[in-house]
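K.L.:
Sharing a structure here in structure tokens format.
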Amino acid sequence: MGTSQHSGDHVFQGGVVISGSVSLPDSSITDDMLTAASITAAKRAAWKTGIDTIGGATAGGAGKLVMTLTNRFISKATDGVEALTLANGTAGQLLTIYLATDGGTGTLTPTICTGFSTIAFADAGDTATLQYVDDTTGWVIVGLAGFLGTVPVVAA
């Protein structure tokens, strides 16, 4: 599998913009998936109402309560209070969940985890990076981040 060079401004869910060149595996993404001109109103609407996979990132629309394990990054929107679930992963798997659109608090409860029981994503920008250790330890928190000094709320 080769790689492709993608140049220009690339706009992702949540308004994240990457300027310049990006090298990506040929099979994962194409220019027409990345360029700002190709992100139509219909594509944005699809992101808000469902799950759309884009080169290793997933946009989890409001009402999508089961976090996917097939991608490394989840950009989540909430629509009211949501009870989010996370199944067991595979040893060494990393997963970052980012609250792109805050319509209410989304509380994540993994099937198996160590060091916490839930993570509440209450504000846009709340981000948690988790790693799956094994079927005994489960998910552990690698890092938390947020905007304006807020981070997701972790319950023990």
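K.L.:
Just give me the residues in the range 123-146 being outside any strand (DSSP E or B), under 15 Å from ALA87 (Cβ atoms) and either touching a Cys at 6+ places or on another chain (Cβ under 6 Å) or among the small types (Gly, Ala, Ser) (or both), in sequence order.
P.N.:
Scanning the range 123-146 gives a single hit, GLY138.
K.L.:
I've got another one for you. Look through the range 136-156, keep the residues that are touching a strand residue (DSSP E or B) at 6+ places or on another chain (Cβ under 8 Å) and exposed (fewer than 14 other Cβ atoms within 10 Å of the Cβ), and return whichever of them is nearest to LEU99 (Cα to Cα).
P.N.:
GLY143
K.L.:
Can you tell me which residue within the range 104-132, out of those that are among the aromatic types (Phe, Trp, Tyr) and buried (at least 23 other Cβ atoms within 10 Å of the Cβ), is farthest from SER75 (Cα to Cα)? Talk me through it step by step, then tell me what you get.
P.N.:
We begin by selecting, within the range 104-132, every residue among the aromatic types (Phe, Trp, Tyr); these are 116, 121, 132.
Within this subset, residues satisfying the condition of being buried (at least 23 other Cβ atoms within 10 Å of the Cβ) are 121, 132.
On the way: PHE121: 12, TYR132: 19 Å.
In this case the residue turns out to be TYR132.
K.L.:
Of the numbered conditions (1) assigned to a loop (DSSP other than H, G, I, E, B); (2) touching a Leu at 6+ places or on another chain (Cβ under 8 Å), ALA120 satisfies every one except a single condition; which is it?
P.N.:
Checking ALA120 against (1) assigned to a loop (DSSP other than H, G, I, E, B); (2) touching a Leu at 6+ places or on another chain (Cβ under 8 Å), the one that fails is (1).
K.L.:
Only residues that are over 18 Å from LEU130 (Cα atoms) and assigned to a loop (DSSP other than H, G, I, E, B): list them for the range 69-83, please.
P.N.:
Of all residues in the range 69-83, those over 18 Å from LEU130 (Cα atoms) come to 77-82.
Once the filter is applied, which keeps residues that are over 18 Å from LEU130 (Cα atoms) and assigned to a loop (DSSP other than H, G, I, E, B), the range 69-83 yields THR78, ASP79, GLY80, VAL81.
K.L.:
Something else: Among (1) part of a loop (DSSP other than H, G, I, E, B); (2) at pLDDT below 95, where does LEU99 come up short?
P.N.:
In the conditions (1) part of a loop (DSSP other than H, G, I, E, B); (2) at pLDDT below 95, LEU99 misses (1) alone.
K.L.:
Within the set of pairs 6 or more residues apart or between chains, which connect a residue that is outside the structural domain of THR111 (by TED's automatic domain parsing) and under 13 Å from PHE121 (Cβ atoms) inside the range 66-90 to a residue that is at pLDDT 90 or above and surrounded by fewer than 20 Cβ atoms within 10 Å (Cβ to Cβ) with Cβ atoms less than 8 Å apart?
P.N.:
Close Cβ pairs satisfying both conditions: none exist.
The values are calculated or read from the model by the stated rules, or taken from the named source; none is laboratory data. This is a predicted model, so every value here is computed, not measured. Neighbour counts run over all protein chains shown; Cβ positions are idealised from the backbone, glycine included.
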